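The values are calculated or read from the model by the stated rules, or taken from the named source; none is laboratory data. Remember, predicted model here, so these are calculated numbers, not experimental data. Virtual Cβ from ideal backbone geometry, glycine too; neighbours counted across all protein chains shown.
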Amino acid sequence: DQQVKQNSPSLSVQEGRISILNCDYTNSMFDYFLWYKKYPAEGPTFLISISSIKDKNEDGRFTVFLNKSAKHLSLHIVPSQPGDSAVYFCAASAEGNTGKLIFGQGTTLQVKP
Amino acid sequence: ETGVTQSPTHLIKTRGQQVTLRCSSQSGHNTVSWYQQALGQGPQFIFQYYREEENGRGNFPPRFSGLQFPNYSSELNVNALELDDSALYLCASSLELTGASEAFFGQGTRLTVV
């Protein structure tokens with residue numbers, strides 16, 4: 001049973017445009033959501049997070065939106081840069097324990113110059 | 001760089017053998033978690049240690065075991081290796097068990113079982 005799903009395996013956008021990565025979850029006990037970015041041969045790097053009591057969190061070019069009723073979150077990257085090309089993982093945790101994460105399958109983002 | 005280091009970076013083992021992977025947590029972090037990432041998949045939670053005690057386990061058989069030491073470094077041991085154990089093994093450390101601070105990952109150990 002996949003509790004966190006990223007239904008788009010890949011996404012390609014032009015440099016300067018917006019990238020939107022989507023994530024759905026099924027477990028209503030999740031109370032904290034994180035996005036990680038991963039380059040080949042490296043471990044995941046934390047990008048941005050959001051608590052279930054909020055519906056939006058912004059950090060520079062990155063914004064995460066949470067729709068609790070739809071059990072859906074999205075990551076917006078504006079403007080997209082070629083260096084953003086990586087695999088993006090959505091992850092969820094319960095009881096504030098961010099060491100115990102349930103990950104989605106990942107979305108490979110390619111930003112073309 | 002996250003301050004979480006894993007060793008070795010690559011490892012090749014034969015089916016049936018045993019393996020030990022090591023993780024040094026970021027300074028001050030008392031919680032460590034281990035994940036298995038198969039090719040094309042997201043990381044899967046194996047187990048977590050908090051102050052040297054196991055605190056939760058994912059859907060992995062008992063031949064996956066772990067330890068956390070007083071300095072909060074950690075080991076993952078896998079006995080009776082199977083071909084399907086071939087994966088990237090990731091270690092992540094957190095400042096505390098809860099509090100919603102992010103977990104920091106090491107670069108991983110790539111295990112190949114032949």
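Below is a table of values for the structure above.
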| quantity | calculated |
| --- | --- |
| Residues of segment B:69-81 classified as modelled with pLDDT of 95 or more and either in contact with a Cys (Cβ under 9 Å, 6 or more places away or on another chain) or over 16 Å from B:Ile46 (Cα atoms) (or both), total | 4 |
| Residue count for segment B:11-37, restricted to those that are part of a loop (DSSP other than H, G, I, E, B), in contact (Cβ under 8 Å) with a residue 60 or more places away in the chain and more than 12 Å from the chain's Cα centre (by Cα) | 9 |
| Residue that is surrounded by fewer than 16 Cβ atoms within 10 Å (Cβ to Cβ), out of contact with any His (no Cβ under 8 Å at 6 or more places or on another chain), hydroxyl-bearing (Ser, Thr, Tyr) and within 11 Å of another protein chain (Cβ to nearest Cβ), where the choices are B:Thr9, B:Thr20 | B:Thr9 |
| Unmet criterion (only one of (1) in contact (Cβ under 8 Å) with a residue 60 or more places away in the chain; (2) under 12 Å from the mean Cα position of the chain (by Cα); (3) more than 9 Å from every other protein chain (Cβ to nearest Cβ)) for A:Phe89 | (3) |
| Wholly within segment B:38-114, strands (runs of 3 or more DSSP E) carrying at least 2 residues that are of a type in the set (D, E, K, R) and surrounded by fewer than 16 Cβ atoms within 10 Å (Cβ to Cβ) | B:53-57 |
| Residues that are within 11 Å of another protein chain (Cβ to nearest Cβ) and either among the aromatic types (Phe, Trp, Tyr) or more than 11 Å from the chain's Cα centre (by Cα) (or both), drawn from segment B:40-54 | B:Gly40, B:Gln41, B:Gly42, B:Phe45, B:Phe47, B:Tyr49, B:Tyr50 |
| Segment B:55-114, residues that are of a type in the set (Gly, Ala, Ser), more than 14 Å from chain A (Cβ to nearest Cβ) and touching a residue at least 24 places away in the same chain (Cβ under 8 Å) | B:Ser73, B:Ala80, B:Ser86 |
| Selection from segment B:15-59 of residues that are under 12 Å from B:Asn77 (Cα atoms) and touching a Phe, Trp or Tyr at 6+ places or on another chain (Cβ under 8 Å) | B:Leu21, B:Cys23, B:Trp34, B:Ile46, B:Phe47 |
| Every residue from segment A:1-19 that is touching a Cys at 6+ places or on another chain (Cβ under 8 Å) and of a type in the set (Val, Ile, Thr) | A:Val4 |
| Test for A:Ser74: is it more than 26 Å from B:Leu90 (Cα to Cα) and either within 14 Å of chain B (Cβ to nearest Cβ) or outside any helix (DSSP H, G or I) (or both) | no |
| Per-region count, segment A:22-51, residues in a strand (DSSP E or B) and either surrounded by fewer than 16 Cβ atoms within 10 Å (Cβ to Cβ) or within 13 Å of chain B (Cβ to nearest Cβ) (or both) | 18 |
| Filter result (within 20 Å of A:Lys56 (Cβ to Cβ) and within 13 Å of another protein chain (Cβ to nearest Cβ)) within segment A:1-20 | A:Val4, A:Gln6 |
